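First up is the structure itself, then whatever we jot down about it.
Coordinate-derived values only; no laboratory data. No experiment lies behind these values; they were computed from the predicted model shown. Virtual Cβ from ideal backbone geometry, glycine too; neighbours counted across all protein chains shown.
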Amino acid sequence: MREGRITIHRRGGPKFDMLRAYRILINGQQVGKLRRGGSLTLIHPEGRAVIEARIDWCSATPLAVMVGPETNTVIEGANSNGMAGAMMASDVLD
């Protein structure tokens, strides 16, 4: 099977969620949690992945990315917009 990696980094953000972990979902399945300043790297099959970060009642807009074989898709998550949060992504080859 051809697969790539997805790496998600969480930057600092507002103080109100400093001690809380974001739940990370890929294609609707929780795959881990991220605390402030943390990162999570996962192996994912080649193809489309929909990534979402959730905390309590809030969630980032789901982000769809294409995972290529032997690539590392890097996503940086931050709650820079207050309660709404924000995510952005870029594909980076190893």
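What distance in nm separates the two pseudo spin-label positions at Lys33 and Glu3, each 7 Å out from Cα along the beta-carbon direction?
It works out to 2.4 nm between the two label points.
Between Val67 and residues 5 or more places away or on another chain, which pairs have amide H atoms under 5 Å apart, with H built 1.01 Å from N, and which residues are they?
So Val67 has HN proximity to Gly47, Arg48, Ala49.
What residues have an amide H closer than 5 Å to that of Gly77, excluding those fewer than 5 places away on the same chain, when H is modeled at 1.01 Å from N in the peptide plane?
For Gly77, the qualifying residues are His9, Arg10, Arg11.
Let me spell out the model: positive unit charges on the Cβ of Lys and Arg, negative unit charges on the Cβ of Asp and Glu, origin at the Cα centre of the range 27-82. What dipole size does that give, in debye rounded to 20? Display every interim value, and only then the final one.
Numbers: 5 positive and 5 negative charges, 45 e Å.
Using Cβ point charges on Lys, Arg, Asp and Glu, the range 27-82 gives about 220 debye.
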